[in-house]
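A.B. asks: Have a look at this one.
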Amino acid sequence: LLASLPLQMMLYFNVYYFPVWCLAEGMMLQLKYHLLPQHYQFLLVAAFLILSLAEGSRLYLGYMGNLQEK
């Protein structure tokens with residue numbers, strides 16, 4: 001089996017766009033954070049952290065799995 005070139009290209013571009021997304025999302029979160037009730041503040045920060053960790057691990061596992069043919 002060979003590594004999937006379209007998957008590798010999508011992962012490659014996603015690695016470069018992920019920090020841009022994190023930066024934009026973090027800036028928007030900072031701008032509206034003080035305007036929200038406390039429970040929404042907690043939910044937004046928790047969702048941002050979970051999505052960031054999940055996306056980072058998905059990219060890492062995708063790279064390793066595609067390049068090692070797993």
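The values are calculated or read from the model by the stated rules, or taken from the named source; none is laboratory data. This is a predicted model, so every value here is computed, not measured. Positions of Cβ are backbone-derived with ideal geometry, glycine not excepted, and every protein chain shown enters the neighbour counts.
A.B. asks: Any idea how many residues of the range 1-12 are assigned to a helix (DSSP H, G or I) and surrounded by 10 or more Cβ atoms within 10 Å (Cβ to Cβ)? It would help to see each step written out before you state the result.
C.D. replies: Applying the first criterion (assigned to a helix (DSSP H, G or I)) to the range 1-12 yields 5-12.
Imposing the further condition that a residue be surrounded by 10 or more Cβ atoms within 10 Å (Cβ to Cβ) reduces the set to 7-12.
Residues that pass the stated criteria total 6.
A.B. asks: Check 63, 16 and return the single one that is out of contact with any Asp or Glu (no Cβ under 9 Å at 6 or more places or on another chain), at pLDDT below 95 and surrounded by 11 or more Cβ atoms within 10 Å (Cβ to Cβ).
C.D. replies: Details: 16 fails: surrounded by 11 or more Cβ atoms within 10 Å (Cβ to Cβ).
Answer to the selection: 63.
A.B. asks: Kindly indicate the residue of the range 16-70 that is part of a helix (DSSP H, G or I) and among the charged types (D, E, K, R) and also nearest to residue 6 (Cα to Cα) among those meeting that condition. Show your work before the answer.
C.D. replies: Let us first name the residues in the range 16-70 that are part of a helix (DSSP H, G or I), namely 16-33, 38-67.
Add one more test, that the residue is among the charged types (D, E, K, R), and what stays is 25, 32, 55, 58.
Numbers: 25: 27, 32: 37, 55: 18, 58: 16 Å.
Looking at the filtered set, the residue picked out is 58.
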